[in-house]
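The values are calculated or read from the model by the stated rules, or taken from the named source; none is laboratory data. Because the structure is a prediction, the values reported are computed rather than measured. Backbone-built Cβ (ideal geometry, glycine too); neighbour counts: all protein chains shown.
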Amino acid sequence: MDGATGFAMTALVNIVISLACIALCWWVLQNLRLDVFIRNSQGAKGKALLIILSIVLGHGLATFIIDYTSWSRILPQLVG
């Protein structure tokens, strides 16, 4: 695999990981009781808050996973 193909595959995997983490956070946050924090949690503002929280938390989780895997691939080079 040449450099451009490897770079494209890495980018594609990173996109899939990011979208999967956002979807996972959306699924987990469905059980969050937003009515404790805002008045109308089923309204447009409540759903927008849920979407924004999913994106922010999902991005953080995806960044951690992507960094961890890239560090894991570099680690054998330290030994050898």
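Summary of computed values
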| quantity | calculated |
| --- | --- |
| Close pairs (8 angstrom Cβ cut-off, 6 or more residues apart or separate chains): closer than 15 Å to Phe64 by Cα and aliphatic (A, V, I, L, M) in segment 1-19, surrounded by 11 or more Cβ atoms within 10 Å (Cβ to Cβ) and modelled with pLDDT of 95 or more anywhere | Ile17/Ala62; Ile17/Ile65; Ile17/Ile66 |
| Residue match in segment 34-52 (condition: more than 16 Å from Ile66 (Cβ to Cβ), surrounded by 10 or more Cβ atoms within 10 Å (Cβ to Cβ) and touching a residue at least 24 places away in the same chain (Cβ under 8 Å)) | yes |
| All positions within segment 43-57 that are in a helix (DSSP H, G or I) and of a type in the set (Gly, Ala, Ser) | Ala44, Gly46, Ala48, Ser54 |
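Let's see how each residue does on (1) of a type outside the set (Asp, Glu); (2) part of a loop (DSSP other than H, G, I, E, B); (3) at pLDDT 90 or above:
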site: Phe7; (1), (2), (3): yes, no, no
site: Ser18; (1), (2), (3): yes, no, yes
site: Ile22; (1), (2), (3): yes, no, yes
site: Ser41; (1), (2), (3): yes, yes, no
site: Ile65; (1), (2), (3): yes, no, yes
